[in-house]
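The values are calculated or read from the model by the stated rules, or taken from the named source; none is laboratory data. These numbers come from a predicted model, not from an experiment. Counting neighbours? That spans all protein chains shown, and the Cβs are built from the backbone with ideal geometry, glycine included. The area values use the complete protein model at the heavy-atom level, side chains included, leaving out ligands, DNA and RNA. Shrake-Rupley method; radii C 1.70, N 1.55, O 1.52, S 1.80 Å.
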Amino acid sequence: NLQMPKPFVKKGLSYSTKDWQKGYQSQPNEYDYPIEDIEGEIPSELEGTLYRNGPGLLDINGYPLHHPFDGDGMVSAIQFSKGRAHYRNRYVRTQGFVEEQLAGKPLYRGVFGTQKPGGVLANAFDFRLKNIANTQVIYWGGKLLALWEAAEPHQLNPQTLETIGIDYLDGILEPGDAFAAHPCIDPHCELDGGEQCLVNFSIKPGLSTTFTIYELSPQGKLLRKHAHSVPGFAFVHDFAITPNYCIFFQNPVSFNPLPYLFGFCGAGECVEFKPKQPTRILVIPRNQKQQPGIKCFETHSGFVFHHANAYEQGDKICVDSICYQSLPGVDPQADFHDTDFTTLDPGQLWHFEVNLKTGKVERQLVDKRCCEFPTLNPEWIGRPYRYVYVGAAHDPEGNAPLQGVLKLDFQTGERQLWSAAPYGFSGEPVFVPHPNGVNEDDGWLLTLVYDSRYHRSDIVIHDAKDFNKGPVAQLHLKHHIPYTLHGTFAHI
Ligand code: 3ON
Ligand code: FE
């Protein structure tokens, strides 16, 4: 069901950069209203809340941010009940957000290059991190938590989205500890008699990097915690799990902190991709009593932010990941609004097989299409699985913004693409299993799509079984939500 593209601004492109840019305007308002403008029908069995997090402000009182990843976390909640939906959004009242809104200007440097006004002198040697709580939001142990990988979670009221404060997970974390924004939920943890369990990590980078693994019970109690040091600097955003292992990709990068220290750029801009160095795959057994330590493997150079899933197959661990063949060096002068997509390498889905016995790593490109934000039915996390869903570009090749969602069947190789091109821009889909589901694709896919024609966002609901019939419902919001990073569905 590819919508016929209408005439484009530039020949051969499925979008106009101007339209894409508008999705990165700040959304300073906080709303609370029932969604009434709906095409199609919300499935009556869809009960629960879709939470999404992302940078809501792309400027601070008119001072533009250098990069969207520096934007203050704004959480949206779309509550589904009895075929109806309600929208609510709120900023996470982090200390930095509150201070800066009062001051009317940036008071902190951002990791991705946002500087305080006043030039290099005003920024040099200011190493304070602003915990911006903008990357993911999860519901676990009865708490709604907004996550940002370089610092502690913030707890929110799951109903009103009011900020309760920094949360140390009942003493599991200490002030200054990080907690990554990519927890994995093992649906049936073998170490805990088949109960659900949340696995997450934190990294402390330096000349060597420490990985700490946390495993939490459904009540939020600490089940397992262990730390491992590996040589070299690491920038690791996401990981994958299997019943017995945590898998990390240590991207081939170097870190030269000098320009950051002296106030010329953000810490994240000092990370340099090394195309000639191998990627290291780190495998950490989850049961350290049985299998202590960490195993390291090597594969070709490439940069991975997000993993789709991993599973065990005999002596092998299989991992599916979105991989970039290169990352551009960041130019501290460049404006992200002017991104020329066509000059960058696309993120692409790769399949990796790590042989734990022989140490050999094999890899294979699954699809050429530019994509990001892979997801799957949460019941299949860590297990051999058949379907992956991913935010995808309209065209089958080349780098471009995400404009659709792709369903990929590993068994048959079938691909189904729904595209909102040329005016719509997508992001991460979230899979919600059908309450009486049996098959892996019994459920719905919820995607936020920015519609540049109306400068508003839609919640698009697909029947995951059949993309080809088009969305079962499109909920039109009264406003736009700046492109978000991650979201989850909670049955509350
Ligand atoms: O000095 C170190 C280096 C570093 C970069 C240590 C550190 C921990 C302070 C650090 C910080 C890293 C952080 C805060 C990373 C945050 C990442 C983030 C907010 C988002 C990442 C998004 C990734 C992707 C692939 C987004 C894709 C977006 C689109 C396709 C557009 O819609
Ligand atoms: Fe992420």
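Observations on the structure shown:
- Subset of region 249-267 (residues that are closer than 30 Å to ASP315 by Cβ and more than 14 Å from ligand 1 (Cβ to nearest atom)): PRO252
- Residue that is farthest from HIS476 (Cα to Cα), among those in region 417-460 that are part of a loop (DSSP other than H, G, I, E, B) and charged (D, E, K, R): GLU440
- Qualifying residues in region 118-156 (those that are in contact with a strand residue (DSSP E or B) (Cβ under 8 Å, 6 or more places away or on another chain) and free of Cβ contacts under 8 Å to residues at least 24 places away in the same chain) - the one least open to solvent (accessible area, probe 1.4 Å): LEU145
For every residue, the table says whether it meets (1) over 18 Å from GLY293 (Cβ atoms); (2) away from ligand 2 (no atom under 16 Å from the Cβ).
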position: ARG224; (1), (2): no, yes
position: ALA227; (1), (2): no, yes
position: ASP238; (1), (2): yes, no
position: TYR260; (1), (2): yes, yes
position: GLY263; (1), (2): yes, yes
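- Against the numbered list (1) touching a residue at least 60 places away in the same chain (Cβ under 8 Å); (2) touching a helix residue (DSSP H, G or I) at 6+ places or on another chain (Cβ under 8 Å), ARG88 comes up short only at (2).
- Count of residues meeting criterion [acidic (Asp, Glu) and either more than 23 Å from the chain's Cα centre (by Cα) or over 19 Å from GLU269 (Cα atoms) (or both)] in region 328-382: 6
- Residues that are within 30 Å of GLN79 (Cβ to Cβ) and either at pLDDT below 95 or not aliphatic (A, V, I, L, M) (or both) were ranked within region 97-106; the one that is nearest to ligand 2 (Cβ to nearest atom) is PHE97.
- Of the residues screened, PRO275 is one that is more than 19 Å from PHE201 (Cα to Cα) and either over 20 Å from the mean Cα position of the chain (by Cα) or of a type outside the set (A, V, I, L, M, F, W, C) (or both).
- Of the listed requirements (1) within 23 Å of PHE112 (Cβ to Cβ); (2) surrounded by fewer than 16 Cβ atoms within 10 Å (Cβ to Cβ); (3) not small (Gly, Ala, Ser), GLN159 misses just one: (1).
- Identity of the residue in region 161-189, small (Gly, Ala, Ser) and touching a strand residue (DSSP E or B) at 6+ places or on another chain (Cβ under 8 Å), that ends up farthest from ligand 1 (Cβ to nearest atom): GLY165
- Within region 212-239, restricting attention to residues that are among the charged types (D, E, K, R) and part of a strand (DSSP E or B), the residue that is nearest to ligand 1 (Cβ to nearest atom) is LYS225.
- Residues within region 195-235 that are free of Cβ contacts under 8 Å to residues at least 40 places away in the same chain, closer than 21 Å to LEU376 by Cα and open to solvent by less than 10 Å² (accessible area, probe 1.4 Å), tallied: 2
- In region 51-76, the residues that are assigned to a strand (DSSP E or B) and crowded, with 24+ Cβ neighbours inside 10 Å: TYR51, ARG52, ASN53, GLY54, PRO55, ILE60, GLY73, MET74, VAL75, SER76
- Residue list for region 107-144, restricted to those being within 16 Å of ligand 2 (Cβ to nearest atom) and assigned to a loop (DSSP other than H, G, I, E, B): VAL111, PHE112, ILE132, ALA133, ASN134, THR135
- Looking only at region 251-267, and only at residues there that are touching a strand residue (DSSP E or B) at 6+ places or on another chain (Cβ under 7 Å) and touching a residue at least 40 places away in the same chain (Cβ under 8 Å), the one that is most open to solvent (accessible area, probe 1.4 Å): PHE255
- Qualifying position, being in a loop (DSSP other than H, G, I, E, B) and under 19 Å from LEU485 (Cβ atoms), among PRO384, PRO401: PRO401
- From the options HIS486, HIS491, HIS480, residue that is in contact (Cβ under 8 Å) with a residue 40 or more places away in the chain, open to solvent by 30 Å² or more (accessible area, probe 1.4 Å) and either more than 16 Å from ligand 1 (Cβ to nearest atom) or within 21 Å of the chain's Cα centre (by Cα) (or both): HIS491
- Selection of region 40-49 for residues being in a strand (DSSP E or B) and over 10 Å from ILE461 (Cβ atoms) yields GLY48, THR49.
- Selection status of GLN411, surrounded by fewer than 21 Cβ atoms within 10 Å (Cβ to Cβ) and in a strand (DSSP E or B): no
- Within region 173-211, the set of residues being of a type outside the set (A, V, I, L, M, F, W, C), in a strand (DSSP E or B) and over 22 Å from ARG128 (Cα atoms) comprises ASP186, PRO187, HIS188, GLU195, GLN196, ASN200.
- Residue within region 424-433 that is touching a residue at least 12 places away in the same chain (Cβ under 8 Å), within 16 Å of ligand 1 (Cβ to nearest atom) and touching a helix residue (DSSP H, G or I) at 6+ places or on another chain (Cβ under 8 Å) present: yes
- Flag if ALA393 is touching a residue at least 60 places away in the same chain (Cβ under 8 Å), among the small types (Gly, Ala, Ser), open to solvent by less than 10 Å² (accessible area, probe 1.4 Å) and at negative phi: yes
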